[in-house]
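Note sheet for the following structure.
The values are calculated or read from the model by the stated rules, or taken from the named source; none is laboratory data. Computed from a predicted structure; not experimentally measured. Because the Cβ atoms are built from the backbone with ideal geometry, glycine has one as well, and the counts that use them run over all protein chains shown.
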Amino acid sequence: MASHMLSYLQRPHKNGYIFETVPGRLEYIASRFPDKEAYVFLSPGKPRVSITGAELLEKSRAIAKGLVRRGIKRGDVVAVSQPNNIDGLLCIFGVIASGATLLNLMFRRPDGSDVRAVLEKAGNCSALIINAGHNNATLKACLHFIDVISDNGNVVSRSFPHIHTLIVSSDCSSDGHKCETLTELMNERSGSSLPSLDPDDTALLIGTSGSTGEPKLVVHSHRTILMCGVHLHDSMGYATHDVVYSERKMQWIGGFPFQYLLNGVTTVMTDYCFESVREQCLFAYSAMQQEKCNIGCLLPITLHGLADIALENKSGFILDNIHTGGSPVAKTYMAVLGILTKRFTVCYGSSEAGFLTSKTVSRISDYVDYTSGFPHQGVEVKVIGTNGNIVERGQDGEIYARTPAMYKGYFNEFEKTKKSLNESGWFKMDDVGHITPEGELVVNGRVSDLLICGVSKVSASMLENIVRNHPDVHDVVVIPIPDPIKYQVPCACIIFKPNAKTGTEDVQKFCESSDPDIGSNQFSKFVLQYLPEYYLLFADFPRLYTGKINKSELVQEAAKRLNIDI
């Protein structure tokens with residue numbers, strides 16, 4: 001068999017590697033665009049806040065020097081819990097410039113037990129920089145594992161003896177303790193020098209979503225961070241003059257400031273927690289107009305709502321491109337084409353491997369469900385069958401990737417790293433898909449999302465695509481529900497569009513009368529044999545701290561409603 005018919009894709013480098021450090025690159029971008037706004041932060045009812053390239057460089061360096069004065073050494077771990085605001089941005093660059101490894105945290109439990117688990121995994125965390133939170137909730141959570149706080153920011157923790165510094169982003173006190181603030185840290189005038197860094201030094205620990213188990217800490221170096229930026233540019237094609245609206249969290253792989261480090265593009269963000277998807281969409285639409293954004297980095301869940309809002313407003317506002325990813329993207333999301341955007345880009349990747357492939361279309365007819373496009377420069381992709389060999393094109397299998405942006409491993413977890421990343425540098429994506437005869441990658445979903453229905457394995461994503469074709473469905477997640485005969489049966493968890501005048505019974509009838517060719521997928525006839533047995537209505541889905549849907553919690557809620565033991 002000719003090799004070009006095998007499920008292997010590769011794209012050579014055209015620009016070479018970026019072998020620099022993050023602080024070095026930040027200095028270079030700031031020298032090119034000192035007065036240009038680097039980031040803009042918006043929040044309902046609050047003033048617009050922005051920071052220029054020169055300010056970002058100066059203030060992040062001040063934080064880095066302050067950390068060095070407090071004993072932070074090259075290779076230490078500094079944990080940061082900040083929202084999408086200027087303090088969060090400064091902490092990203094300040095911690096990395098100090099020579100420390102940045103660990104992003106998210107406090108969700110009042111007793112801090114979720115953060116304790118991450119800190120135990122990190123091992124040698126030396127400092128915490130936190131936003132105190134509403135009513136000092138985050139600071140109070142820290143007090144469950146920090147025993148003594150001094151006025152100068154020094155702390156004592158019997159649980160984590162390496163931690164010696166606590167800094168908060170605003171003046172606050174709790175239980176009689178006064179903490180040092182970021183402002184005080186930056187305003188110190190005593191001198192200190194920053195360490196010399198190497199591009200291969202560890203710079204960042206990113207937590208995985210934890211949707212299939214306990215989150216792991218993904219290790220990235222300065223070099224792999226910058227290569228992620230190169231691949232994101234391959235995907236989005238942004239230029240220096242572009243203005244990007246992003247609703248991703250910059251503490252995670254989807255929202256990290258890669259694009260600014262590459263060519264100084266301005267990014268607009270918000271740190272506000274909206275009560276509904278409709279409210280989130282309305283704010284995004286208004287913000288993109290106000291800031292004259294021409295690119296939107298948007299979550300799939302917001303796209304239907306934005307299409308409806310654009311049709312309602314008829315303002316003529318239209319983006320050059322919408323960039324999305326994070327889950328398999330069905331053709332129904334392309335409704336924004338011609339209404340809100342000229343082009344639509346789907347990107348595929350992970351926290352471990354960065355941004356691997358992408359596809360940009362300007363017509364709905366050019367897109368096939370779940371297509372993830374072609375590799376970025378330097379990226380290799382292959383699809384492996386159950387026998388461990390590369391399958392022919394068109395056949396489903398597990399997806400593997402090899403890339404210059406590949407993570408260095410899971411922090412302090414050698415065995416888990418070994419299972420996912422082999423000696424040849426191939427990473428097991430834990431996704432199922434195939435490569436088309438034309439050389440495009442199609443991702444059907446996670447290996448862990450395959451439902452075992454009797455003797456068959458069924459893709460939850462394919463079932464979701466059938467349900468999503470109903471005109472009143474805003475979003476859907478298909479989850480497995482235990483069954484005494486079939487082992488698992490599908491349950492469709494549905495969010496309706498605002499003002500929808502239908503019910504779950506109508507959606508079920510719609511799916512049962514679906515044409516076998518729906519979605520233009522060769523497996524549709526097979527999938528239609530395993531339509532959901534349950535249809536449940538939700539106002540919203542529970543989410544992880546990364547913004548992804550918490551499927552474990554969703555399964556528990558569905559089972560509770562259905563009175564089924566799990």
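Please work out which residue is nearest to K216 (Cα to Cα), limiting yourself to segment 184-206 and to residues that are free of Cβ contacts under 8 Å to residues at least 60 places away in the same chain and surrounded by 13 or more Cβ atoms within 10 Å (Cβ to Cβ). Top of the filtered list is D200.
Screening the candidates G445, G433, G439, G425 for the property of being touching a helix residue (DSSP H, G or I) at 6+ places or on another chain (Cβ under 8 Å) and not in a helix (DSSP H, G or I) yields one hit, G445. Scanning segment 437-462 for residues that are over 28 Å from the mean Cα position of the chain (by Cα), under 17 Å from V383 (Cα atoms) and either free of Cβ contacts under 8 Å to residues at least 12 places away in the same chain or surrounded by 14 or more Cβ atoms within 10 Å (Cβ to Cβ) (or both) gives a single hit, E438. Among the residues of segment 85-115, the one identified as part of a loop (DSSP other than H, G, I, E, B), under 21 Å from the mean Cα position of the chain (by Cα) and crowded, with 23+ Cβ neighbours inside 10 Å is L105. Hey, among the residues in segment 1-52 that are closer than 30 Å to N389 by Cβ and part of a strand (DSSP E or B), which one's farthest from the chain's Cα centre (by Cα)? Of everything passing the filter in segment 1-52, L6 is farthest from the chain's Cα centre (by Cα). Among the residues of segment 1-43, write down those that are farther than 30 Å from K292 by Cβ, crowded, with 18+ Cβ neighbours inside 10 Å and either free of Cβ contacts under 8 Å to residues at least 60 places away in the same chain or touching a Pro at 6+ places or on another chain (Cβ under 9 Å) (or both). Within segment 1-43, L9, E20, T21 qualify. Of all residues in segment 79-96, exactly one satisfies the criterion of being among the aliphatic types (A, V, I, L, M) and touching a Gly at 6+ places or on another chain (Cβ under 9 Å), namely V80.
Can you name every one of the helices (runs of 4 or more DSSP H) wholly within segment 214-303 that holds 1 or more residues which are in contact with a helix residue (DSSP H, G or I) (Cβ under 8 Å, 6 or more places away or on another chain) and modelled with pLDDT under 90?
By residue number, 222-236, 277-290.
When H323 is tested against (1) more than 21 Å from G237 (Cβ to Cβ); (2) touching a residue at least 60 places away in the same chain (Cβ under 8 Å), just one condition goes unmet, and that condition is (1). Any residue in segment 208-221 that is over 17 Å from E415 (Cα atoms) sitting within a Cβ distance under 7 Å of a residue that is of a type outside the set (D, E) and modelled with pLDDT under 65? List the pairs, counting only those 6 or more apart or interchain. Pairs found: S209/T546. Please go through segment 365-389 and pick out each residue that is in a strand (DSSP E or B) and of a type in the set (S, T, Y). Within segment 365-389, T371, S372 qualify.
Residue check: is R248 over 19 Å from D87 (Cα atoms), basic (K, R) and not assigned by TED's automatic domain parsing to the domain that holds A38?
For R248, the condition - over 19 Å from D87 (Cα atoms), basic (K, R) and not assigned by TED's automatic domain parsing to the domain that holds A38 - is not met.
S60 meets each of the listed conditions (1) part of a loop (DSSP other than H, G, I, E, B); (2) touching a helix residue (DSSP H, G or I) at 6+ places or on another chain (Cβ under 6 Å) apart from (1). Entry remark, segment 138-151: residues being touching a residue at least 12 places away in the same chain (Cβ under 8 Å) and closer than 27 Å to I96 by Cβ number 7 in total.
Comparison of F258, F344 shows that the only residue that is surrounded by 19 or more Cβ atoms within 10 Å (Cβ to Cβ) and without any contact (Cβ under 8 Å) to a residue 24 or more places away in the chain is F344.
Among the residues of segment 166-194, the ones that are at pLDDT 80 or above, under 16 Å from R61 (Cβ atoms) and part of a loop (DSSP other than H, G, I, E, B) come to 4 in all.
Candidates are the residues of segment 349-371 that are charged (D, E, K, R) and under 20 Å from the mean Cα position of the chain (by Cα); the one that is surrounded by the most Cβ atoms within 10 Å (Cβ to Cβ) is E352.
Take the conditions of a type outside the set (A, V, I, L, M, F, W, C), in contact (Cβ under 8 Å) with a residue 12 or more places away in the chain and not assigned by TED's automatic domain parsing to the domain that holds I301 and apply them to P482. Does it pass? Criteria met by P482. Could you run through segment 331-364 and say how many residues are outside any loop (DSSP other than H, G, I, E, B) and closer than 17 Å to L441 by Cα? Matching residues across segment 331-364 total 16.
How many of the residues making up segment 390-411 are closer than 27 Å to M462 by Cα, among the charged types (D, E, K, R) and in a loop (DSSP other than H, G, I, E, B)? Outline the logic, then answer.
Filtering segment 390-411 for residues closer than 27 Å to M462 by Cα gives 390-402.
Still in the list and also among the charged types (D, E, K, R): 392-393, 396, 398, 402.
Restricting the remaining residues to those that are in a loop (DSSP other than H, G, I, E, B) gives 393, 396.
Summing the residues that are closer than 27 Å to M462 by Cα, among the charged types (D, E, K, R) and in a loop (DSSP other than H, G, I, E, B) in segment 390-411 gives 2.
Residues in segment 456-503 that are polar (S, T, N, Q), farther than 21 Å from G445 by Cα and modelled with pLDDT under 85: N499 only.
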